[in-house]
Structures are given as C-alpha cells and as structure tokens.
Amino acid sequence: LVSQTEATQDTVPCHPCPTSPRTAQDTLEAHAERHTAHMESMHIAESTKSRYKTAQTIFLRYVKLPSTRAQHPEWYSEDGEFQLSQFTTAGFKNYLSMRAAGTLPQPQLGPRSRQLGAVLEKSLGNDKSALLHLFKQRGVMVPAGFDEEISVWMRGFRRDVSNRRQSGDLKAEPGKRELSFDVYCWLARRLLETGDVFAWCYCVMTWNLLCRSDTTSHVAFSHLSWHGDALRVAVPKSKTNQAGESPAVAKHVYANSLEPAICPILALGVYSACTTFTESPLLYPGSHQSQRFSVALKKAFLSSAEGMAALQSAGLSSEDVGVHSLRKGGSSYALSGLAGGGPSVVSVLLRGEWSLSNVHRRYFKHQDAADQFIGRILAGLPLCDARFADLPPRFEVSLSQVGMHVREGVTTTFSSLLHHHPTMHAVLRHCLASVLYHRGFLEQHLGVAGHRVGGRAGRPGLDLLLSRPALSSSSLRALVASGGSCSVTGMRASGLPPHVIILRRQSELSDLITEGQAGIREELRNGQPHLANSLCDRLLAELRSAGIGGSYVTADGLGEVLGRVRREIQESVLAAMSSPSTAPEPASSSASASSAAPSPSPSSSSSSSSASASDRQLYQLYRWPTDTTQEPTHRLPYGTRLPCRTLLDAMSIWYLGDARLPPISSLKYGDLTSSGERAHLTAWRTVFREVERILQEYARDQWSRFRSGNATDTAEHRALLVQLYHDVIRPRFQEVSEDTCSSTSASVVVGYEPYQIRSAQRKISTIAKELRKRKRRSLIATTCQAHTPSRRPTRRRRRHQTSE
C-alpha cells in the first residue's frame, strides 16, 4: 500500500486534475477491499473450493429437475426460481439418499459402479460442507437443527456401509491399497525402462518423502539443500499444517547405490539433466503434475503383463493402486522392521506428518536423528547389514579442492536448471556423481522398453544424457567413489542405529582377517621350499649324529630321530604362539583342569593362562574313519580306551593328563568310540564331582592354589595332588568291611560324615558304583523317614514296606 501510494503521488503532477487526491484515495480503498476479500477467501484451499463448486453444481442441477419441481413446489418462487431459504433439512436428506443409492444423475462423477461405499461416503460429507458454504455465500440462514439431523443421518449411513462390508457386498478396505516394497521396486524399474524420467523421479521422491502426491508436486528448488550425506527437503505446508502453525519439516533423502532403480539421488540427477526448466520455482512445473503421474502409474501396470502379475502376487488389482498407495506402502515398509530394531511409530508419524491432535504438537517434536534413520530405511538400504551405512556416490576431492573440471561438468550437464536456480550447485554436484557412478546401469535400463521417435524405436532419455560431455569424461569418473567412509571430504554416515555400527565394525574386522589369511597363505606358499630344505638338512644331521647312515638303518633308531625332530618342531611352534604378536595360546593342562572345576574365579582363570608354554604339552586332534569331514575334530585316536586306575593315579590323569592322553576332564563323549567307554567317562565324572565337593569343603585354600595355577611346573602340581589325596580324600573314603557296607544304617550318610566305601584303592568304576548305591540308599532312608505313619501299620503295609 505504501509503494502504491508513493507511485500515485508521483504520478499526480504529471496528470493535473482537480479530483486527483480523491481518486487516489478511492483507488487505495478499493485495493484494500479487494485484499480483505482475498484474505477472507484464503481460509479455504483452492482444491476445496473446486470440490465445493462441483458438489454445488450437482445439487443445483438436481433442484432444476422437473421431477424435483413437481415433488417440492414450495422450494420455488412464483417465477420458477429456486429459493434456497425455502430449502428444508428433509429435502437434503432425500438428496443424500439418492446420491448414496446412485439414482441421481451425475455424469461428471463416472458410472454407478464407482466404489459406492468408500468414495461416496467421503463425497457425501463434501456435499454437506458444500451446501453450508452455499448458504454462507448467498447470505441465507441455515435451517434450524440442520447439523444435528444430518449428523444422525451420516452416522446411520456409515453403520449401513460397515454392515455391507461385513456381509461382503462391498470391499473390506476402503480407498487405495498400499504398495509392497517389491511392487514398488518393480514400478520404479518399469518407469525407468519406459524412459519416463518424470514419472520415475516423481515416484521415487514420493515414496522417500512419505508424503501426499500434492506435496510432491509443490516441492520447490528453494526447499532442496545438501547436508552431510543426505538431500534435505523442507516441507513448509501440508494437509495437517495448512496455516503454517508448525515449523517446516526437514526430511532427509538418502542414496541407494545397491539398488540404482530406487535411488532418489540418481533419479533426481537424470530428471534434472533431461528436463528443460523455466523460471518456475517448482521442481515439477505445471498445474496438474499429480494427475500426470497418476496416468503414468496406471499405464505402467496395465501396459505390462509382468505388472499385472506383480499386482496379483501381492493380492492387488489395478483398481486398488493409486498415487496414495506409495504413501501407504512407504509407511508400512518403514514400520515392518520394528521387531528388528526399526524406527518408532511416532517417528514415522512425524515423517508422514500425520496429526496426533494436541499431543503431537506439544510433546512430540521432529528430530533429525530419527528422520535420518527413517530416510535410510525408505531408501531401501538393508537394515540388518553393514551396507546400511554406505555413503552416496561422491567426488573424492575436498570441498576446497573441487576442481574447475568438476564445476564445468555440473554446469554443462545441468545448464538449464542452473541458469534459473544457481543455488542448486551443491545438490547437482552429488547428482552428477551418482549419474557417473551408475552410467553402466543407465545404459542397460534407461528407455529399453522403447519409445517411438521419428518413426523408429529410440531411447531419447539415454541419448540426451550421453550427449552431455561431462558424462563421457573418464577423468571425472575416476574421481567418483561410493560406500564405506570418506577421509578426503570428511563425509560421515548419519542416521545409524547402534546395531548397524556394530555390524560395520565387524565387517571391517572380517576384512582385516581375510587380508591377514591371504598374507599368511602367500608367506607359506613362498616359504615351502625353504621349509622342506631345512627339514631335510635337520634330518640328515640327526641321522649322522646318531650313527645311522653306515651299513643299515634300524626302525628304532629312525623313530628316535623323528621323535626328536618332532619335539623340536613342537617347541618352536609353541614359542611362536606364545610370542606377543600372537593373541591365542594352546590349551594347557591347567586350563583343562580349570574347565572341569565348579566355578573358578576370574582371577584364577587369568593367572592360570599365564603359565609358561614350555611346561605344557601340545595335544593334537585326530580324524576318525567314520568322520564325514576332512578336518580332525577328536582329541583321541579312533578306538582309544580309558585306563582303569586307582583314585590317586586317576586324579593325576584327570587334571594333568600324561604323555599319551590329554586331561580326561577336557574330554567329551564325542571323543570316545563305544558306548561302554562313554559310560566309563560318566563314572569318572561321578567320582570327581564328589572329590571336588570334598576339596571345596575341607581344603579350600589348597584347592584354590592348585586351580589358580600358582605352581611353577607340572611336578609341583602332581605333588600338590598327592598331598590333597593323603590329607583330605583318603580319610573321607575309609576302608570298611563288606558286611558293614551291606547294612543300610552304615550306608546312609548324614551331613559330611566319612564315606563308608570299601576301599579307596578300588578302581574308578567300582568307586562310582558305591557312590551311586550310597545316593540311592540315602534317598530311600530319607523317603521312609518322611512317610513314617503315625499309627501302627497293618500286616499288608508292613509287608509292602519290607519289600521296599
């Protein structure tokens, strides 16, 4: 108004008129009135006004019908004009009933078979709002009780529709169905192959933004910016934020270098390079871009037998799919990984800008971290894989070192767009990197379905792309990299959950291990001749020093020489394994003993692992003839039998082993051949469970010293075992006569009284049998004491107890 006033005052001296001040004032007042009327009309969106106009046209056509005039003459004046003030609520309910039944002429709404339940239910509410708007426009008072009576009718109509859905007369799910991720991938690939780059980019952006189609059609270049490793799209207005009461929502869109067909950055790059832009601020200029994409969507499915098969496999038909199916499918796909660490429901609702009344606006705020996580999921990156953290294709040069040829490549490729919108340079630089990275994929798929150009099959989209000089530059393609991390540009992956960070670290360690194994194999391959020569020289030297090599060679002498060489090789291997450069150490006898202990403390286990490797024996693994694999997995040769020893000798073999056997405590049932030997191992375990319980109770300090590995060598370990046997074990296993052991009273042990087993010098199997008998007798005695009757038992009961 100020500028217009100044302009009017400037023009007054040029056109002298006695009424010029009054004319200027009238012009200002007229402009203010028009501005006020425009602001008042802005409380209703243009799309809503269009729907109101359509509904009002249908209603006015209904009241002009001869049949309506004949039935309701009171609605009309004497000259036959419709009087809105005479219109009644009952008449509008009859009108809605005719609309619901489909008996009202409505040629502009399509045939009667158009989804009677869901669509007409929504349109009937629009008819009510349109009529109220008509009353307001004409300045007519609404009939008394209009809202209440129409609301009651609408509730009854909804209940009737629900009953019809329950009975199967109507579809169970109203509206459009959601697209599954597989169908979405097929649709994106199909649009790419047909060469419709607009529909391809529109489809991928709608899925990733998780927005309505109308929001996608109004994305402007000023809404796009590049932040870190993602494209940020600002959405200042939506259906739930039409008045701008909430701040603009910034949604993050990520690249997918694993599936180029659904990569939004690649789709945006191809669309920007193949489109001629004007001064329009919109990314998709035009007034009906949503309808344009809807036509392309239907055509993609209906024109392909593969598309119809994809819909049928998902349980859909062509009538179930629409533009809104992308929004429903994206939200369902984002929440499908909830059990595997996916995003929360609230984060998806905030991304999709669904309303949660006042709770949504007051307590739940949009956060970048949650939105970035959802952006990576919607991009199609695998959630349970380390590649979920992949970076987008980029030029491996720092921001300060972006060469002139990179800038020229961006300028020449997107000349039309940069001419009108130069602020898009940062976004288009990553788009160019993505197009260069996926050039081979585009050559195979872009426009392969064929378009008729000049009477022959052609690929205009690909031809237009290849005509750009930057896309044929090998020097630019050499600078493009993808995935992993980038130390040059400092780009870091955002929106990563904790489990993906762990998976990424595990993947890096796996790569390091693979590289190390390859290096070890190469070193062994290169060192095999040297190892063979040194082994032959060592054998010849030993043979000469042993006096073998004269007239004849004896088997015993050769075996002794091979045994010495074998021991030297074992000692060298142990020395190499115990070096600081090698993390794992071979299993020791003390470690095996600790594995058989009840529950050693962490300090004892750590100290036992510090024993010198030279005092330990190396036990090899064996392969049996019955094994299906080539790797040796058994700690004993095939057919090995456990020895029959007394308790003192068995303690040494159980914990320390000998020259032939590893510690028996480290054996498993799979290391023994027959079932009898497995039963023998069970007897050993039964005995030493009791032995260790006695040692824990009566010699805790000495037992802890043995388990902690503080003994300096194996001889000291054996001496400590002998001392424990004579001081603790043997007194507890006292010798008694066979007749004493046969009595029930002598066999029952109460508390920790001495065990009355016949002899500690008996074999392990015999001791195990006596322990089992003592356990059974103790259980019987305890059971009899617990079930002693209070009265004198009968003769039958006494006979039964005697038999027990």
Inset, instruction - Would you tally the residues in the stretch 220-249 being closer than 25 Å to Gly380 by Cβ, in contact with a helix residue (DSSP H, G or I) (Cβ under 7 Å, 6 or more places away or on another chain) and of a type in the set (A, V, I, L, M, F, W, C)? - result: 7
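Looking only at the stretch 44-87, filter to residues that are among the β-branched types (Val, Ile, Thr) and more than 16 Å from Arg138 (Cα to Cα); which one of those is nearest to the chain's Cα centre (by Cα)?
So in the stretch 44-87, the residues among the β-branched types (Val, Ile, Thr) come out as 44, 48, 54, 57-58, 63, 68.
With more than 16 Å from Arg138 (Cα to Cα) added as a condition, the list becomes 44, 48, 54, 58, 63, 68.
Details: Ile44: 42, Thr48: 40, Thr54: 47, Ile58: 51, Val63: 59, Thr68: 62 Å.
Taking the candidates together, the pick is Thr48.
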Inset, instruction - Inspect the stretch 644-663 for any residue being in contact with a strand residue (DSSP E or B) (Cβ under 8 Å, 6 or more places away or on another chain), under 14 Å from Ser765 (Cα atoms) and open to solvent by less than 10 Å² (accessible area, probe 1.4 Å) and give the result as yes or no. - result: yes
Legend entry - Leu381 being touching a Phe, Trp or Tyr at 6+ places or on another chain (Cβ under 6 Å), more than 23 Å from Phe221 (Cβ to Cβ), at pLDDT 90 or above and surrounded by 14 or more Cβ atoms within 10 Å (Cβ to Cβ): yes
Legend entry - Criterion violated by Thr489 - all others in (1) within 26 Å of the chain's Cα centre (by Cα); (2) part of a loop (DSSP other than H, G, I, E, B); (3) of a type outside the set (Phe, Trp, Tyr) satisfied: (1)
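Restricting to helices (runs of 4 or more DSSP H) lying wholly in the stretch 618-730: which have 1 or more residues that are at pLDDT 85 or above and under 47 Å from the mean Cα position of the chain (by Cα)?
On the way: elements: 647-655, 675-698, 700-708, 714-724.
Helices (runs of 4 or more DSSP H) meeting the threshold: 675-698.
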Inset, instruction - Please specify each residue of the stretch 278-291 satisfying the condition of being crowded, with 17+ Cβ neighbours inside 10 Å and farther than 11 Å from Val219 by Cα. - result: Gln289, Ser290
Inset, instruction - Select from the stretch 266-287 the residues that are farther than 14 Å from Leu224 by Cβ and not in a loop (DSSP other than H, G, I, E, B) and list them in ascending order. - result: Leu266, Val270, Ala273, Cys274
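What helices (runs of 4 or more DSSP H) lie completely within the stretch 302-365 and have 1 or more residues being of a type outside the set (A, V, I, L, M, F, W, C), over 28 Å from the mean Cα position of the chain (by Cα) and modelled with pLDDT under 85? First the steps, then the outcome.
Details: elements: 305-313, 324-335, 345-352, 357-363.
Here the list reads 357-363.
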Legend entry - Candidates Leu496, Leu512 - the one that is in a loop (DSSP other than H, G, I, E, B) and either open to solvent by 60 Å² or more (accessible area, probe 1.4 Å) or at pLDDT 85 or above (or both): Leu496
Legend entry - Search result, residues across the stretch 140-158 that are part of a helix (DSSP H, G or I) and of a type outside the set (S, T, N, Q): Phe146, Asp147, Glu148, Glu149, Ile150, Val152, Trp153, Met154, Arg155, Gly156, Phe157, Arg158
Inset, instruction - Take Gly91 and decide whether it is modelled with pLDDT of 85 or more and open to solvent by less than 50 Å² (accessible area, probe 1.4 Å). - result: yes
Inset, instruction - Under 8 Å between Cβ atoms, at least 6 apart or on separate chains: pull out the pairs that start in the stretch 163-174 with a residue that is of a type outside the set (Ser, Thr, Tyr) and end on any residue that is exposed (fewer than 11 other Cβ atoms within 10 Å of the Cβ). - result: Arg165/Ala172
Inset, instruction - Tally the residues that are open to solvent by 100 Å² or more (accessible area, probe 1.4 Å), more than 30 Å from Gln291 (Cα to Cα) and assigned to a helix (DSSP H, G or I), restricting the search to the stretch 26-65. - result: 2
Inset, instruction - Considering only the stretch 387-405, state which residues are part of a helix (DSSP H, G or I) and either at pLDDT below 85 or buried (at least 21 other Cβ atoms within 10 Å of the Cβ) (or both). - result: Phe388, Ala389, Leu399, Ser400, Gln401, Met404, His405
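The values are calculated or read from the model by the stated rules, or taken from the named source; none is laboratory data. Quick caveat, the model's predicted, so the values are computed rather than measured. A quick note on method: Cβ atoms are made from the backbone with ideal geometry, for glycine too, and the neighbour counts reach across all protein chains shown. Calculation scope for accessible area: heavy atoms of the full protein, side chains included, ligands and nucleic acids excluded. Shrake-Rupley method; radii C 1.70, N 1.55, O 1.52, S 1.80 Å.
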